[in-house]
1. Filter segment 105-148 for residues that are under 23 Å from ASP172 (Cα atoms) and of a type in the set (Lys, Arg) and give the result.
2. Provide a single number: the residues in segment 93-113 that are within 16 Å of the chain's Cα centre (by Cα) and assigned to a loop (DSSP other than H, G, I, E, B).
3. Which one is surrounded by the most Cβ atoms within 10 Å (Cβ to Cβ), of the residues in segment 139-153 that are among the aliphatic types (A, V, I, L, M) and within 22 Å of ALA85 (Cβ to Cβ)?
4. Applying the selection to segment 69-82, what residues are buried (at least 20 other Cβ atoms within 10 Å of the Cβ) and either modelled with pLDDT of 95 or more or not small (Gly, Ala, Ser) (or both)?
5. Go through segment 51-68 and give me each residue that's at pLDDT below 55 and surrounded by 14 or more Cβ atoms within 10 Å (Cβ to Cβ).
6. Enumerate the pairs (first residue in segment 78-103 and within 18 Å of PHE186 (Cα to Cα); second residue anywhere and among the acidic types (Asp, Glu)) with beta-carbon separation below 6 Å, excluding pairs fewer than 6 apart on the same chain, so at least 6 apart or on different chains.
7. Whether any residue in segment 7-22 is at pLDDT 85 or above and surrounded by fewer than 16 Cβ atoms within 10 Å (Cβ to Cβ) is what I want to check.
8. Looking at (1) among the charged types (D, E, K, R); (2) modelled with pLDDT of 95 or more; (3) farther than 23 Å from PHE108 by Cα, can you tell me which one ASP184 breaks?
Amino acid sequence: MNKKRVLIVLFLGILLSSFVACATMQPSEKPYRVTPKGTVVYGGEFEFELPPAGWGLFWPEGDEEFAFGFIRKDPGPFPSQSVFAYDEEPFGSSRDFDERATEFLKRFLWNSNLQFKVLEKKKVQAPGGEGLAVMVEGKDPVRKEKAKSKLIFLKRGERVVSFYLTQWREIDGTYEPSAFEVFDKFVSSFRYLKKSFYETL
């Protein structure tokens, strides 16, 4: 009988503590804030200018392949849209930009049937110094879709990070250059507010 009472008291104690924990939990907060000057501070770590109206900010809630990004529904039939993102851990391991671009493209949009072709590759000035910009295009004749992407690789400390924009269209559709202009402006406005975890080791 004593054993039974001990188990009941123990069970009630666990139940009560779980109720207290639930009551004190705060609702999840957004990972960004808008500053008085109109820029966005994301996660207390990055600052950038907001893209114009029509672009929506989104961030992954699980184990995703980028830190955060923006999306815009473009005029025209599916799959007409433009998406760009900042990625702290682009696929690959090389610290050489050319090699990293090659590694990255092996997995970029891996769940699509696009076969990418490099259209242009050039050095650019990016946050933190010199970077590499790569323009690629892929087509899927079965789904009758195509995509044009601009990838920018740069260094944050010793590590390679990236920005990338992808614009989707019907295979006979026309790309819209303003999205690439918005992307370039976003990248040029991007600032690191503190050292990354890896830079503090």
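1. Within segment 105-148, LYS117, LYS139, ARG143, LYS144, LYS146, LYS148 meet the criteria.
2. 4
3. First pass over segment 139-153, keeping only residues among the aliphatic types (A, V, I, L, M): 142, 147, 151-152.
From what's left, within 22 Å of ALA85 (Cβ to Cβ): 147, 151-152.
Details: ALA147: 23, LEU151: 25, ILE152: 23.
So the residue we want is LEU151.
4. As a first pass, look at segment 69-82 and keep what is buried (at least 20 other Cβ atoms within 10 Å of the Cβ): 69-70, 72, 82.
Scanning segment 69-82 gives PHE70, ARG72, SER82.
5. Correct list: empty.
6. GLN81/ASP74; SER82/ASP74
7. From segment 7-22, those at pLDDT 85 or above are none; that's our starting set.
No, segment 7-22 has no match at all.
8. (3)
The values are calculated or read from the model by the stated rules, or taken from the named source; none is laboratory data. Remember, predicted model here, so these are calculated numbers, not experimental data. Here Cβ is always computed from backbone atoms with ideal geometry, including for glycine, and neighbour counts include all displayed protein chains.
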